[in-house]
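S.K.: Before we start, here is the structure in question, set down as structure tokens.
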Amino acid sequence: MDKKVRVMYVIAVITTVFTSAMQLINPIVTQLVVDEVVKKLPYVEQSQMQGLISTLITLLTIMIVFTFIKSTTIYFSVITYEKCAQDFLYGIRDRVYKNLQQQDSSFFTYNTTGDLMTRLTGDMDMIRHTICWVIRMFVECFCLFTATTIYMLSQDVLFTLSLLVVTPFIFIVTKIFSKQVRPLYINLREKLSILNSNAQENISGNRVVKAFAREEYEINKFAEKNEDYRQANLQATMKWLQFFPIIEGLSQALQISVLLVGGLFIINGRITSGTFLAFSSLCWTLSNPMRMLGTLLNDLQRFFASCDKVIELYYNRPRIRNKQGAVVTKERAKGDIEFKDVCVKINGNEVLKNINLHIKPGETLAIMGSTGSGKSTLLNTIVRLVDISSGSLTLDGIEVSKYNLHSLRKNIGMANQDVFLFSDTIDSNIAYGDLSLTLDEVKHFAKLADANFIEKTADGYDTLIGERGTGLSGGQKQRLALARALAIKPPILILDDTTSAVDLETEKKIQNSLRNLEFDCTKIIVAQRISTTKTADHIAVLDKGEIIEYGTHEELLKNNGYYKEVFDLQNGVSNEEGGDK
Ligand SMILES: Nc1ncnc2c1ncn2[C@@H]1O[C@H](COP(=O)(O)OP(=O)(O)O)[C@@H](O)[C@H]1O
Ligand SMILES: [Mg+2]
């Protein structure tokens, strides 16, 4: 909470203290009206009547004025609570979202989108509810209870104590209740997150669901989660209902005590009827806090369940982050990349073993290898989406781990294997890395990526793409991703199988543009087609995380290894079937 919000919040809490204490004024004035006016009425002479009436008017005026002040103060204090809660939440949401942006890719493997969304919405709202309602009610109840008790004690100690007899029982009962309800709310929170994750995944995967005609199955799966959530809700509510009558009963007992004890005391002349009336109307200010305690603890347990989740997200630190004194460069990298004995372990599995590679500025390295051989991982180590476990990986002679992440990644244009596009226009998607690009520049990069299909769409560059690029073919998405990577004119371009879904003709054009880029660029390209790899300066063949072949196209052909095998296979296929795979 920033300082201004904190000060405002403290002011709101203080006003609550005052307005709670002011709740006592009406019963006290009532007491005075009875004792000073009503009771004297039968005994006064006509001449003294005027005095009584003016006392009555004064007392009533006090009542009206204080009621007005109280209502106005409550009005403004509630507004302040709400404003503080919104400001506070705005800050938290912002911070949590920023933190979310910095998490490692593995973080998103372990946390589902649905769960993260629940944290950002439902859990946040629980925090708001606590800040602007639960805490206010706690303060109000506490003050009301204390002020009433003090006032009552000042009037009659014995009478007061006879009313307070039930309080310890209420405390014991609510304590037991809150202990029992807590795990139920943690469970409820978990069930909601599962329900949301299920819905989110289903919505994203709706095409697969339709293609496999699995709607029925998905509906049943959701119904199951829905039922779990309903049960969890019922369990928590039922627990509350078990305790509610006890708390309610105990606080109702107060009314009976007042009548019983108060009646006896009036009969034997210990208290005045005014005092009795005051106690009777204050009975509410005593019993209500007791009754509220259960509700508040109930809400507080929900709050704790949500709070844990938000705090976790708030403080979670990525493992891949800037080191102290990280190198910040404004300069364009030269693009010299060197792997020395690089090993990468993921969850104990050795995904890359003793990688040694040197890619000089402006060179093109092609990487080939079967699925799962570690190609994507190798590329990810350069942008630090994955950190190396041992060895050394340098860019322009400096360890990549020593760069400021932002500086490092700004220098790298990357197009991933599974293309992700935002639900925005084609223009904005291409200019994602550099929003200052003009439409002409965007068109230029689209042309380099041979994305000529854009002009044929209804709205051209203003065509809206569906979520994750729905509405486009695989090859079209790949070309947009390539244009997006090229658009930042990166000194290092990393393409992970980016042309796998385009036809041979298009691929040839793309290769041609890549060879003739107007800016200096070191290229690392994962590809399965010989047509792509043969013009590369060097080719590395990966197998089970190791480089098994390395050299130029001609050298590797002479080698008679994996590369030669692929070459023969593809040549054979292209001779028989005319090319496209
Ligand atoms: N985040 C990850 N968690 C666990 N294993 C992973 C992860 N990323 C990659 N791997 C494993 O590393 C190996 C290499 O994967 P990858 O680099 O994607 O291969 P390629 O791109 O060559 O198909 C695979 O066996 C894969 O299961
Ligand atoms: Mg891959």
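The values are calculated or read from the model by the stated rules, or taken from the named source; none is laboratory data. Values in this document were obtained by computation on a predicted structure and should not be read as measured data. All Cβ positions, glycine included, derive from the backbone under ideal geometry; neighbour counts span all protein chains shown.
S.K.: Restricting attention to the stretch 348-367, and to residues there that are of a type in the set (S, T, N, Q) and farther than 19 Å from L493 by Cβ, which single residue is nearest to ligand 2 (Cβ to nearest atom)? Talk me through it step by step, then tell me what you get.
M.R.: Start the filter on the stretch 348-367 by keeping residues that are of a type in the set (S, T, N, Q), which leaves 349, 354, 356, 364.
Keeping just the survivors that are farther than 19 Å from L493 by Cβ gives 349, 354, 356.
Details: N349: 15, N354: 20, N356: 21 Å.
Here the answer is N349.
S.K.: List pairs: first residue in the stretch 501-527 and without any contact (Cβ under 8 Å) to a residue 60 or more places away in the chain and over 19 Å from I412 (Cβ atoms), second residue within 16 Å of ligand 2 (Cβ to nearest atom) and small (G, A, S) anywhere in the structure, Cβ distance under 7 angstrom, at least six positions apart or on different chains.
M.R.: Listed pairs, sorted by first residue: A501/G474.
S.K.: Filter the stretch 191-230 down to the residues that are in contact (Cβ under 8 Å) with a residue 40 or more places away in the chain and of a type outside the set (A, V, I, L, M, F, W, C) and list them by number.
M.R.: Correct list: K191, S193, N196, S197, N198, Q200, E201, S204, R207, Y229.
S.K.: I'm trying to understand the selection: among the residues of the stretch 368-384, which are of a type in the set (S, T, N, Q) and more than 10 Å from ligand 2 (Cβ to nearest atom)?
M.R.: S370, T381
S.K.: For the stretch 562-572, indicate whether the set of residues that are outside any loop (DSSP other than H, G, I, E, B) and crowded, with 21+ Cβ neighbours inside 10 Å is non-empty.
M.R.: Yes - at least one qualifying residue is present in the stretch 562-572.
S.K.: Just give me the residues in the stretch 485-516 being closer than 22 Å to T377 by Cβ and among the hydroxyl-bearing types (S, T, Y), in sequence order.
M.R.: Result: T498, T499, S500.
S.K.: Given the condition acidic (D, E), more than 16 Å from ligand 1 (Cβ to nearest atom) and surrounded by fewer than 19 Cβ atoms within 10 Å (Cβ to Cβ), answer yes or no: does some residue in the stretch 410-422 qualify? It would help to see each step written out before you state the result.
M.R.: Just the residues of the stretch 410-422 that are acidic (D, E), to begin with: 418.
The next check asks that each one be more than 16 Å from ligand 1 (Cβ to nearest atom); those that pass are none.
No, the stretch 410-422 contains no residue that is acidic (D, E), more than 16 Å from ligand 1 (Cβ to nearest atom) and surrounded by fewer than 19 Cβ atoms within 10 Å (Cβ to Cβ).
S.K.: Now for a different question. Looking only at residues in the stretch 513-530 that are part of a helix (DSSP H, G or I) and under 14 Å from L486 (Cα atoms), which one is nearest to ligand 1 (Cβ to nearest atom)?
M.R.: Of the residues in the stretch 513-530, the ones part of a helix (DSSP H, G or I) are 513-515, 530.
Applying the additional criterion that residues be under 14 Å from L486 (Cα atoms) yields 513-515.
Numbers: S513: 24, L514: 20, R515: 24 Å.
Top of the filtered list is L514.
S.K.: Do you know which residues across the stretch 486-512 are of a type outside the set (A, V, I, L, M) and assigned to a loop (DSSP other than H, G, I, E, B)? If you could, list the steps in order and put the result at the bottom.
M.R.: Within the stretch 486-512, the subset of a type outside the set (A, V, I, L, M) is 489-491, 496-500, 503, 505-509, 511-512.
Listed by number, the residues that qualify are K489, P490, P491, D497, T498, T499, S500, D503.
S.K.: Next up: Is it the case that some residue within the stretch 450-470 is in contact (Cβ under 8 Å) with a residue 60 or more places away in the chain and either basic (K, R) or not assigned by TED's automatic domain parsing to the domain that holds T522 (or both)? Step through it out loud before you land on a result.
M.R.: Going through the stretch 450-470, the residues in contact (Cβ under 8 Å) with a residue 60 or more places away in the chain turn out to be 450, 467-468, 470.
Add one more test, that the residue is either basic (K, R) or not assigned by TED's automatic domain parsing to the domain that holds T522 (or both), and what stays is 468.
Scanning the stretch 450-470, I find at least one residue that is in contact (Cβ under 8 Å) with a residue 60 or more places away in the chain and either basic (K, R) or not assigned by TED's automatic domain parsing to the domain that holds T522 (or both), so the answer is yes.
S.K.: Of all residues in the stretch 337-347 being surrounded by fewer than 22 Cβ atoms within 10 Å (Cβ to Cβ) and closer than 21 Å to D418 by Cβ, which is farthest from ligand 2 (Cβ to nearest atom)?
M.R.: At the first step, the residues of the stretch 337-347 found to be surrounded by fewer than 22 Cβ atoms within 10 Å (Cβ to Cβ) are 338, 340-343, 345-347.
From the residues that got through so far, the ones that are closer than 21 Å to D418 by Cβ too are 346-347.
Numbers: I346: 13, N347: 17 Å.
Per the stated criteria, the residue is N347.
S.K.: Inspect all residues belonging to the stretch 211-221 and state whether any of them is among the hydrophobic types (A, V, I, L, M, F, W, C) and surrounded by 14 or more Cβ atoms within 10 Å (Cβ to Cβ).
M.R.: First, pick out the residues of the stretch 211-221 that are among the hydrophobic types (A, V, I, L, M, F, W, C): 211-213, 219.
If we keep only those that are surrounded by 14 or more Cβ atoms within 10 Å (Cβ to Cβ) too, we end up with none.
Within the stretch 211-221 (the criterion being among the hydrophobic types (A, V, I, L, M, F, W, C) and surrounded by 14 or more Cβ atoms within 10 Å (Cβ to Cβ)), the answer is no, since none of the residues qualifies.
S.K.: Could I ask something else about it? Can you name every residue in the stretch 285-324 that is more than 29 Å from M126 (Cβ to Cβ) and without any contact (Cβ under 8 Å) to a residue 40 or more places away in the chain?
M.R.: The one that is more than 29 Å from M126 (Cβ to Cβ) and without any contact (Cβ under 8 Å) to a residue 40 or more places away in the chain: Q324.
S.K.: Go through the stretch 490-510 and give me each residue that's crowded, with 19+ Cβ neighbours inside 10 Å and away from ligand 1 (no atom under 16 Å from the Cβ).
M.R.: Just the residues of the stretch 490-510 that are crowded, with 19+ Cβ neighbours inside 10 Å, to begin with: 490-499, 502, 506-507, 510.
Within the stretch 490-510, P490, P491, I492, L493, V502, T506, E507, I510 qualify.
S.K.: Another one. Is there a residue being within 16 Å of ligand 2 (Cβ to nearest atom) and closer than 30 Å to T470 by Cβ anywhere in the stretch 406-415? If you could, list the steps in order and put the result at the bottom.
M.R.: To start, the set of residues in the stretch 406-415 that are within 16 Å of ligand 2 (Cβ to nearest atom) comprises 414-415.
Narrowing the set further to residues that are closer than 30 Å to T470 by Cβ leaves 414-415.
Looking through the stretch 406-415, at least one residue is within 16 Å of ligand 2 (Cβ to nearest atom) and closer than 30 Å to T470 by Cβ.
S.K.: Still on this model: Is it the case that the stretch 138-159 has a residue that's without any contact (Cβ under 8 Å) to a residue 12 or more places away in the chain, farther than 22 Å from L296 by Cβ, assigned by TED's automatic domain parsing to the domain that holds S280 and of a type in the set (V, I, T)?
M.R.: Yes: the stretch 138-159 contains one or more residues that are without any contact (Cβ under 8 Å) to a residue 12 or more places away in the chain, farther than 22 Å from L296 by Cβ, assigned by TED's automatic domain parsing to the domain that holds S280 and of a type in the set (V, I, T).
S.K.: Restricting to the stretch 531-555, give me the number of residues that are modelled with pLDDT under 90 and outside any loop (DSSP other than H, G, I, E, B).
M.R.: The total comes to 2.
S.K.: Restricting to the stretch 200-221, and then to whatever is out of contact with any helix residue (DSSP H, G or I) (no Cβ under 7 Å at 6 or more places or on another chain) and either at pLDDT 90 or above or in a loop (DSSP other than H, G, I, E, B) (or both), can you tell me which residue is farthest from T470 (Cα to Cα)?
M.R.: Filtering the stretch 200-221 for residues that are out of contact with any helix residue (DSSP H, G or I) (no Cβ under 7 Å at 6 or more places or on another chain) and either at pLDDT 90 or above or in a loop (DSSP other than H, G, I, E, B) (or both), the one farthest from T470 (Cα to Cα) comes out as N220.
S.K.: Give me the residue from the stretch 107-119 that is part of a helix (DSSP H, G or I) and in contact (Cβ under 8 Å) with a residue 60 or more places away in the chain and, out of that set, farthest from F222 (Cα to Cα).
M.R.: Our first condition is that a residue be part of a helix (DSSP H, G or I); within the stretch 107-119, this holds for 107-110, 113-119.
Then keep just the ones that are in contact (Cβ under 8 Å) with a residue 60 or more places away in the chain; that gives 107, 113-119.
Values: F107: 25, T113: 16, G114: 13, D115: 15, L116: 19, M117: 17, T118: 17, R119: 20 Å.
That would be F107.
S.K.: Could you please give the count of residues in the stretch 241-285 that are over 21 Å from L158 (Cβ atoms) and surrounded by 19 or more Cβ atoms within 10 Å (Cβ to Cβ)?
M.R.: Result for the stretch 241-285: 2.
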